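Asker: Starting off with a structure, shown below.
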Amino acid sequence: MENKFINKIDSNYSNKPATKIRLRKSLDFIGDKTSFKSALDIGDRSGLTEMMESMYQVKFDNTTGNLDYNTLDGNYDLVTSFEVLEHLFNPLFHLQQVKKILSKDGKLVLSTPLSKPRFLWSKEHFHEMSLSSIEALFDVAGFKVVRKDFFRVHPLTFYFKGVRPLLRLLFDKIQIYELEHLDE
């Protein structure tokens, strides 16, 4: 079943200022001391996938198909999922699939927008989660939070281009997490 709301990454995506900030912040969060042998980047290959491969000298696999109902296979030490959850109808199913393929001592690094007023949501987002709701989702899916951070993705000048961008200065943040298996 084709999902008309799932978009491929357009060729201009990596050239946008917000994307460059997002890439840098995501790489900074993962850090250069991370060591792993197998990795999966959820979603289409992007500039970030290539940067991570170069930085860590490890090939990153990518997912194909619809993440709302396709199962994931493999065994990975690191899984990255950058701004994917908000596009899924069923983020719990997806997280359960990731848990299944994550090695016992593996790490999931995930980012998603922090919830903001509905009128500021992107039309492609089905979910934007508050801090408490996403952490409850992680718990139900069998993950614990190792660490978290928040960042903005637009250059400062962006926020002074009108009322809506100014509101984004107040509300628009990305939450990024490092997760591991919940002790069971």
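The values are calculated or read from the model by the stated rules, or taken from the named source; none is laboratory data. Computed from a predicted model, the values in this text were never measured in an experiment. Quick reminder, even Gly has a Cβ in these numbers, built from the backbone with ideal geometry, and neighbours come from all protein chains shown.
Asker: Of the residues in the range 49-71, how many are within 15 Å of the chain's Cα centre (by Cα), assigned to a helix (DSSP H, G or I) and either of a type outside the set (A, V, I, L, M) or at pLDDT below 85 (or both)?
Answerer: 1
Asker: Go through the range 10-67 and report how many residues are among the β-branched types (Val, Ile, Thr), in contact (Cβ under 8 Å) with a residue 12 or more places away in the chain and under 15 Å from ILE101 (Cβ atoms).
Answerer: Final tally of qualifying residues: 2.
Asker: Test THR19 against the criterion of being surrounded by 14 or more Cβ atoms within 10 Å (Cβ to Cβ) and at pLDDT 90 or above, and give yes or no.
Answerer: Details: surrounded by 14 or more Cβ atoms within 10 Å (Cβ to Cβ): yes; at pLDDT 90 or above: no.
Answer is no for this residue.
Asker: Considering each residue of the range 94-121, count those that are in contact (Cβ under 8 Å) with a residue 12 or more places away in the chain, in contact with a helix residue (DSSP H, G or I) (Cβ under 9 Å, 6 or more places away or on another chain) and outside any strand (DSSP E or B), and give that number.
Answerer: 9
Asker: If you go through the range 142-153 one residue at a time, do you hit one that is surrounded by fewer than 12 Cβ atoms within 10 Å (Cβ to Cβ) and modelled with pLDDT of 90 or more?
Answerer: Pass one, the range 142-153, residues surrounded by fewer than 12 Cβ atoms within 10 Å (Cβ to Cβ): 147.
Now narrow it down to the ones that are modelled with pLDDT of 90 or more: 147.
Yes, the range 142-153 contains at least one residue that is surrounded by fewer than 12 Cβ atoms within 10 Å (Cβ to Cβ) and modelled with pLDDT of 90 or more.
Asker: Next question. When only residues in the range 154-172 that are of a type in the set (D, E, K, R) and surrounded by fewer than 17 Cβ atoms within 10 Å (Cβ to Cβ) count, which is modelled with the lowest pLDDT?
Answerer: As a first pass, look at the range 154-172 and keep what is of a type in the set (D, E, K, R): 161, 164, 168, 172.
Checking the rest, the ones that are also surrounded by fewer than 17 Cβ atoms within 10 Å (Cβ to Cβ) come to 161, 164.
Numbers: LYS161: 92, ARG164: 84.
Filtering first and then ranking leaves ARG164.
Asker: Yes or no: the range 72-85 includes at least one residue that is touching a residue at least 12 places away in the same chain (Cβ under 8 Å), under 14 Å from SER38 (Cα atoms), among the polar types (S, T, N, Q) and in contact with a Ser or Thr (Cβ under 6 Å, 6 or more places away or on another chain).
Answerer: Let us first name the residues in the range 72-85 that are touching a residue at least 12 places away in the same chain (Cβ under 8 Å), namely 72-85.
Add one more test, that the residue is under 14 Å from SER38 (Cα atoms), and what stays is 73-80.
Of the ones still in play, those that are also among the polar types (S, T, N, Q) are 75, 80.
Pick out the ones that are also in contact with a Ser or Thr (Cβ under 6 Å, 6 or more places away or on another chain) and you get 75.
Yes, there is a match, as at least one residue in the range 72-85 is touching a residue at least 12 places away in the same chain (Cβ under 8 Å), under 14 Å from SER38 (Cα atoms), among the polar types (S, T, N, Q) and in contact with a Ser or Thr (Cβ under 6 Å, 6 or more places away or on another chain).
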